[in-house]
1. Are any residues in the range A:408-421 away from the ligand (no atom under 11 Å from the Cβ) and either without any contact (Cβ under 8 Å) to a residue 12 or more places away in the chain or in contact with a strand residue (DSSP E or B) (Cβ under 6 Å, 6 or more places away or on another chain) (or both), and if so, which ones?
2. If you take the residues in the range A:61-89 that are more than 16 Å from the ligand (Cβ to nearest atom) and more than 13 Å from every other protein chain (Cβ to nearest Cβ), which one is modelled with the highest pLDDT?
3. Of all the helices (runs of 4 or more DSSP H) wholly in the range B:12-103, which have at least 2 residues that are within 13 Å of chain A (Cβ to nearest Cβ) and more than 23 Å from A:M296 (Cα to Cα)?
4. Yes or no: A:Y27 facing another protein chain (nearest Cβ under 8 Å) and within 25 Å of A:G121 (Cα to Cα)?
5. Out of A:E84, A:E8, A:E12, I need the residue that is free of Cβ contacts under 8 Å to residues at least 12 places away in the same chain, open to solvent by 10 Å² or more (accessible area, probe 1.4 Å) and closer than 25 Å to A:I224 by Cβ. Which one?
6. Going by the structure shown, is A:A282 of a type in the set (A, V, I, L, M), out of contact with any strand residue (DSSP E or B) (no Cβ under 9 Å at 6 or more places or on another chain) and surrounded by fewer than 16 Cβ atoms within 10 Å (Cβ to Cβ)?
7. Are there any pairs with C-beta distances below 7 angstrom linking a residue in the range B:179-199 that is more than 8 Å from chain A (Cβ to nearest Cβ) to a residue that is part of a helix (DSSP H, G or I), with the two at least 6 apart or on different chains, and if so which?
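The values are calculated or read from the model by the stated rules, or taken from the named source; none is laboratory data. Because the structure is a prediction, the values reported are computed rather than measured. For neighbour counting, all protein chains shown are included, and Cβ atoms are generated from backbone atoms with ideal geometry for every residue, glycine included. Calculation scope for accessible area: heavy atoms of the full protein, side chains included, ligands and nucleic acids excluded. Shrake-Rupley method; radii C 1.70, N 1.55, O 1.52, S 1.80 Å.
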Amino acid sequence: MTKKTVIEKIWENHVVSREEGKPDLLYIDLHLVHEVTSPQAFEGLRMNGRRVRRPDLTYATMDHNVPTINRHIVNDPISKTQMETLKQNCREFGIELADIDHPDQGIVHVIGPQLGLTQPGKTIVCGDSHTSTHGAFGALAFGIGTSEVEHVLATQTIWQKKPKTLQIKVNGKLGFGVQAKDIILAIIAKFGVNAGTGYVMEFTGEAIRSLSMEERMTICNMSIEAGARAGLVSPDVTTVEYLRGRRYAPQGEEFEKAAKTWLALASDEGAEYDKTLEIDTAEIEPQMTWGTNPSMGSGISGVVPSPDNFEREADKESVRHALEYMGLESGTKLTEIPVDYVFIGSCTNSRLSDLRAAAEVAKGRKVQDHVTAIVVPGSQTVKQQAEAEGLDQIFINAGFEWRESGCSMCLAMNDDIVPPGKRCASTSNRNFEGRQGSGARTHLVSPSMAAAAAVMGRFTDVRELAGVNQ
Amino acid sequence: MEPINQFTGTVCPINRANIDTDQIIPKQFLKRIERQGFGQFVFYNWRFDDDGNKREDFILNDPQFADSEILVAGENFGCGSSREHAPWALLDYGFRVIIAPSYADIFYNNSVKNGILAVKLTDEEVETLLQKSSTPGFKLHINLEEQSVSDDSGFKAHFDIDPYWKKMLLNGWDEISVTLTAEDRIRQFEERVYGKQYS
Ligand code: SF4
């Protein structure tokens, strides 16, 4: 029998039609929907008199636009329309919706796994590029555009060219103070923002195996920032145990049966990949970005580079432009850069373990006076769990704001905006120009590094703060 | 979508790599629930300052380039978010063809599905075109059937494109209709895997 990767196994299980000279037609097991990328798709269905083929495999929530304080005051009338439109569309087409008042509401990539909708071996799509998050379960999960959303709603399938496979092997054990976010930032800094273009990535190696499901989600979440539409981790016992007892997961005997099938999906020993890249954890210290794409970053002990460090003219130009936008001088130590805002949240880092890591740093310390710091749990469930553990009190006592769940300052589509020229330590995934507000300057970091920046008022190597034990 | 085969248009160069979809259309404009009308917001933060005034130094604000129909840019064009608003905005502004050394996967798919031809040329060819097109009024001829890009002074380049995408673009097909012609296969798959009929 030929040895196969998890990617190939899932792919072959979902081919509906294969013809020479065409992409494969793949069946989709789970379609997640949110308010921003779906209205035009539903409108398309209506215009053509089409229905949703599998409402039972479709699940919707609202996250991008929702307010995180004063939950019911949506100041922007257009945001309001978008949320209303999703409600109507779900009603009209019979789709289950966790709307703003629902106890399951949250960021689409946080609630899918939490509810047990996300399972190994599934094909999962959503009109959102960070759908790669669900790959942590050994699912083939990728973001699609609105035309494709409409296509999946109407046919429950999608045309896809079989991707090439890329193995990213993370060797060694994680060092003290190093989090999953640092691994993925280091990978992107090392291999670049298009290392994965045209590929599906599988993360392998000792370091990955030892991670919890939430940590794996952080890593797969940012595969797209390395250019790969999907990134995944082979299912193992950690995966199975996470799913046991979740509401939408199989129950009882069915679960044991499913678990066997899931474990069998893991990449076969010796399976071949089109390309393999390796990174050693010894190279990875807590990371921070200094530029305007996620590859423009380095370990916290580094300095802001000079455009002259780069070989190609296009890169020199991008770096020059980035430093100008970020208001940074070459040669400045990263730990000398001050912060004005701190955002702990987003589908990358808003789960319970992320909040715990940040709270550990915040505990008994105070956010500097000139810093505005907000914590936005990824879902209502995460919020409740955190409150049950008293994390909210730790944050509030330290001077952080404790908010309702949503995408919030990750893309600043609601009222959570970083003002022009202000600098934000953010646990999100994109430091693009204007992402957190027009003229806002974003530095991507892990939750504990973000909390450290808040209490120190500047970027800080979290390993230097006393009492932090990870 | 509109079919596309032979196309001639004036060219606008934006010499940057990794132009992301947040730049092509900033998120404050994603809230509309229609597909049309996004062109006015394309590259908004590069075209306008915080007070909404035109930035003189951005090329699309130069009247000699403002009506361009072909965009030439650096590698990894369209990276970032999956927002289809990016190709909608480019198309609505008037760009029918983009030329770059490489594209982000989701953006490329989204473009084809809206009838935008995203041409991949080599780094050197793109470099040449970036230089040539810095002169206002520079025109390129695109021929999709032949898979070629040429100008009036001897530049000619061949590009590769997946035969399936090529057919979709040449015919301007609606993909859902194409798929529904294979509905019996979808039904067979559902019976086999889900043990049930859904249509
Ligand atoms: S948290 Fe940010 S990246 Fe994640 S889905 Fe929301 S907007 Fe997208």
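1. If the condition is that a residue be away from the ligand (no atom under 11 Å from the Cβ) and either without any contact (Cβ under 8 Å) to a residue 12 or more places away in the chain or in contact with a strand residue (DSSP E or B) (Cβ under 6 Å, 6 or more places away or on another chain) (or both), then A:V418 is the only one that fits.
2. Ranking the candidates gives A:I69 first.
3. Numbers: elements: B:21-24, B:44-47, B:85-93.
Those helices (runs of 4 or more DSSP H) span B:44-47, B:85-93.
4. yes
5. Numbers: A:E84 fails: closer than 25 Å to A:I224 by Cβ; A:E8 fails: free of Cβ contacts under 8 Å to residues at least 12 places away in the same chain.
Every option except A:E12 fails the conditions.
6. On the way: of a type in the set (A, V, I, L, M): yes; out of contact with any strand residue (DSSP E or B) (no Cβ under 9 Å at 6 or more places or on another chain): no; surrounded by fewer than 16 Cβ atoms within 10 Å (Cβ to Cβ): yes.
Taking the combined requirement at face value, the residue does not satisfy it.
7. B:K196/B:E190; B:Q197/B:R187; B:Q197/B:E190; B:Q197/B:E191
Here is a yes/no grid of residues against (1) within 22 Å of A:D101 (Cβ to Cβ); (2) in contact (Cβ under 8 Å) with a residue 40 or more places away in the chain; (3) within 16 Å of the ligand (Cβ to nearest atom):
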{"position": "A:H370", "(1), (2), (3)": "no, yes, no"}
{"position": "A:A373", "(1), (2), (3)": "no, yes, no"}
{"position": "A:S379", "(1), (2), (3)": "yes, yes, yes"}
{"position": "A:I394", "(1), (2), (3)": "no, no, no"}
{"position": "A:C424", "(1), (2), (3)": "no, yes, yes"}
